[in-house]
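Read through the structure below, which is laid out as structure tokens, and then see the notes.
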Amino acid sequence: MQTMLLQAPCLFGLERYVKEEIYDLGYEIDDVMDGRVTFTGDLEAVARANVHLRCAERVMLLLARFPARTFEELYQGVRGVDWPAFAAREDAVLVTGSSVKSTLTSIPACQRIVKKAVVDKLGAAYGLTHLPETGVKLPVQFFLLKDEAMILLDTSGAPLHKRGYRAEGNLAPIRETLAAALVRASRYRGREVFADPFCGSGTIVIEAAMRACNMAPGLRRSFHFENYGFVPPALLRDARAEALEDIVDGDFTLLASDIDPAMAELTAKNAALAGVDRYLRINTAPVRNFAPGAAGGTLICNPPYGERMSERSACEEIYREMGRVFSRLDDWGCYIITSHEEFERLYGRKADKKRKLYNGMIKCDLYQYFRPRPQRS
């Protein structure tokens with residue numbers, strides 16, 4: 001198959017983990033920038049990346065990259081793409097985009113130029129002065145950065161964080177892709193007990209269970225590229241078959257608890273939808289009662305942030321309680337994400353490492369407390 005450039009957009013701060021996942025799939029990295037990882041692959045890679053990537057938001061085909069300081073340069077660059085290779089005569093072109101630190105700042109104007117260039121190229125190829133646009137929707141995206149344009153075609157459709165297992169969420173859910181990145185950052189692979197004492201709707205613990213049994217996140221959903229005539233249907237069938245063969249079963253133990261009984265119940269429902277409920281032990285309890293009863297493990301949690309002033313004091317008391325409780329976990333690795341800038345002081349211990357991440361639009365830090373290394377004899 002012909003090699004092309006693919007791009008995996010992601011939340012800021014997750015580029016490292018997306019890059020690792022792409023390497024794991026056997027593809028080479030072409031470029032990494034804030035919120036985007038570009039790699040080389042073919043149409044098989046489109047299917048495999050959509051099915052397997054846990055931390056990326058989408059998989060895009062990067063069709064062109066060129067200087068675009070004027071509307072004419074933008075038009076000519078877009079028209080230079082071989083659009084008939086990707087679109088049938090009836091397909092509908094939908095254009096979205098963004099501009100960062102570029103001369104062309106008007107998004108609506110750029111949308112019109114890009115749409116005109118695509119339509120003109122398709123019209124010339126199919127001998128039409130007006131495209132019917134009654135067929136497959138072709139989601140074209142432009143990204144202007146410092147007067148350079150990237151033209152992309154979305155292959156995912158719904159964002160990849162929509163795995164299909166979370167029918168509903170709690171009031172402040174963590175996105176599945178971010179939860180998967182936290183699990184990857186902890187290097188948890190199912191060899192020890194896992195725990196989340198603030199499980200909410202269960203996203204973190206479910207992503208950890210899927211990681212433990214090597215269950216691909218895209219097995220239970222569809223993708224927009226299934227509608228494209230240039231992508232052979234067998235590629236997705238093969239990617240799903242490969243993913244099913246990769247699933248392993250084991251004696252995995254994952255503990256999930258929440259002070260709210262409704263959240264514990266919701267975690268159980270979502271875990272069943274994800275097909276990992278048999279690995280989870282779920283209960284209702286405040287963090288002060290957290291006692292895993294196991295030596296050595298991995299804890300990841302997304303506690304309340306106290307973003308509202310009315311909740312701040314209660315949140316800070318939770319952090320103090322966490323410090324007291326988690327200090328007893330001598331041989332556990334603990335990974336805590338929060339936006340509270342005074343977390344370490346309240347928790348009572350400086351993190352071994354911090355990593356800046358974003359939970360939605362909220363700037364956070366991942367506080368990483370590594371487990372002690374075994375003493376050499």
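The values are calculated or read from the model by the stated rules, or taken from the named source; none is laboratory data. If you're wondering where the values come from, they're calculated on a predicted model, not measured in any experiment. Positions of Cβ are backbone-derived with ideal geometry, glycine not excepted, and every protein chain shown enters the neighbour counts. Side chains are part of the model used for accessible areas, which takes the heavy atoms of the whole protein and leaves out ligands, DNA and RNA. Shrake-Rupley method; radii C 1.70, N 1.55, O 1.52, S 1.80 Å.
Amide H to amide H, which residues 5 or more places from M4 or on other chains are under 5 Å from it, using H placed in the peptide plane?
Amide H to amide H, under 5 Å and 5 or more residues apart or across chains, M4 pairs with G41, D42.
Please work out how many pairs of lysine residues in the chain are eight or more positions apart (or on different chains) and have Cα atoms closer than 25 angstrom.
25
Among DSSP bridges having both ends in segment 1-152, what percentage is antiparallel? Round to the nearest 5.
Working: 23 of 32 bridges.
So the antiparallel bridges amount to about 70 percent of the total.
How large is the charge dipole for the chain, taken about the Cα centre, if only the Cβ atoms of Lys, Arg (+1) and Asp, Glu (-1) carry charge, to the nearest 20 debye? Walk me through the numbers on the way to the answer.
Working: 50 positive and 49 negative charges, 141 e Å.
Roughly 680 debye for the chain.
Give the shape of segment 252-335 as rounded, prolate or oblate, defined through the alpha-carbon gyration tensor: a ≥ b ≥ c are the square roots of its eigenvalues, a/c under 1.5 means rounded, and otherwise the shape is prolate if a/b is larger than b/c and oblate if not.
Judged from the Cα gyration tensor, segment 252-335 comes out oblate (a/c at least 1.5, b/c at or above a/b).
Non-local amide H neighbours of Y358 (under 5 Å, H modeled in plane, Pro and chain starts lacking H): which ones?
Residues meeting the amide H criterion: C364.
Each label point is 7 Å from the Cα along the Cα-to-Cβ direction; what then is the distance between the points at A272 and Y126, in nm?
Taking the simple label geometry, A272 and Y126 are separated by 4.7 nm.
Can you work out the Karplus-derived ³J(HN,Hα) for every residue in segment 311-319? Use 6.51 cos²θ - 1.76 cosθ + 1.60 with θ = phi - 60°, whole Hz, and x for glycine or proline.
Going residue by residue, I get 9, 5, 5, 5, 5, 5, 5, 4, 5 Hz, with x marking Gly and Pro.
First check a/c for segment 29-166, with a ≥ b ≥ c the square roots of the eigenvalues of its C-alpha gyration tensor; if it is under 1.5, answer rounded, and if not, answer prolate when a/b is larger than b/c or oblate otherwise. Let's see the in-between values first.
Details: a/c = 1.84, a/b = 1.22, b/c = 1.51.
The shape class here is oblate.
Quick check of the Kirkwood formula: for the chain, what is the inverse mean of 1/r over all pairs of different Cα atoms, in Å?
Values: mean 1/r = 0.0445 Å⁻¹.
Here the Kirkwood hydrodynamic radius works out to 22.5 Å.
With every protein chain in place, what's the accessible area of L273 (1.4 Å probe, Å², nearest 10)?
Counting only protein heavy atoms, the figure is 90 Å².
In deg cm²/dmol, rounded to 500, what helix-only [θ] at 222 nm does the chain give when every DSSP H run of at least 4 residues adds -39500 (n - 2.57) and the total is split over its residues?
Details: 10 runs with 121 residues, N = 377.
Calculated from helices alone, the mean residue ellipticity at 222 nm is -10000 deg cm²/dmol.
Output wanted: per-residue J couplings in Hz (rounded whole) for segment 237-248, from phi through Karplus 6.51 cos²θ - 1.76 cosθ + 1.60, θ = phi - 60°, x for Gly and Pro.
4, 5, 5, 5, 4, 4, 5, 5, 5, 7, 5, 10
Give the Kirkwood hydrodynamic radius (Å, one decimal) of segment 119-163, defined as one over the mean of 1/r across all pairs of different Cα atoms. Before the final figure, lay out the partial values.
Details: mean 1/r = 0.0755 Å⁻¹.
The Cα-based Kirkwood calculation yields 13.2 Å.
How would you classify segment 100-248 from its alpha-carbon gyration tensor, with a ≥ b ≥ c the square roots of the eigenvalues: rounded for a/c under 1.5, else prolate if a/b is greater than b/c, otherwise oblate? Present the calculation step by step, with values, prior to reporting the outcome.
Numbers: a/c = 2.86, a/b = 1.79, b/c = 1.59.
Because a/c hits 1.5 or more and a/b exceeds b/c, segment 100-248 counts as prolate.
Taking amide H positions as placed in the peptide plane 1.01 Å from N, state which residues far from L145 in sequence (5 or more) or on other chains have amide H under 5 Å from it.
Amide H neighbours of L145, under 5 Å, 5+ apart: V100, M150.
Looking at the chain as a GNM with Cα springs under 10 Å, which of R328, R349, R308 has the largest mean-square fluctuation?
R308
Spin-label point model (7 Å from Cα, Cβ direction): what's the R189 to N227 distance in nm?
Inter-label distance under the simple model: 3.9 nm.
Applying the Karplus parametrisation 6.51 cos²θ - 1.76 cosθ + 1.60 with θ = phi - 60° to the phi angles of segment 2-9, what ³J(HN,Hα) value in whole Hz is obtained for each residue in order, glycine and proline being reported as x?
Listing the rounded values in order: 5, 7, 9, 9, 10, 9, 10, x Hz.
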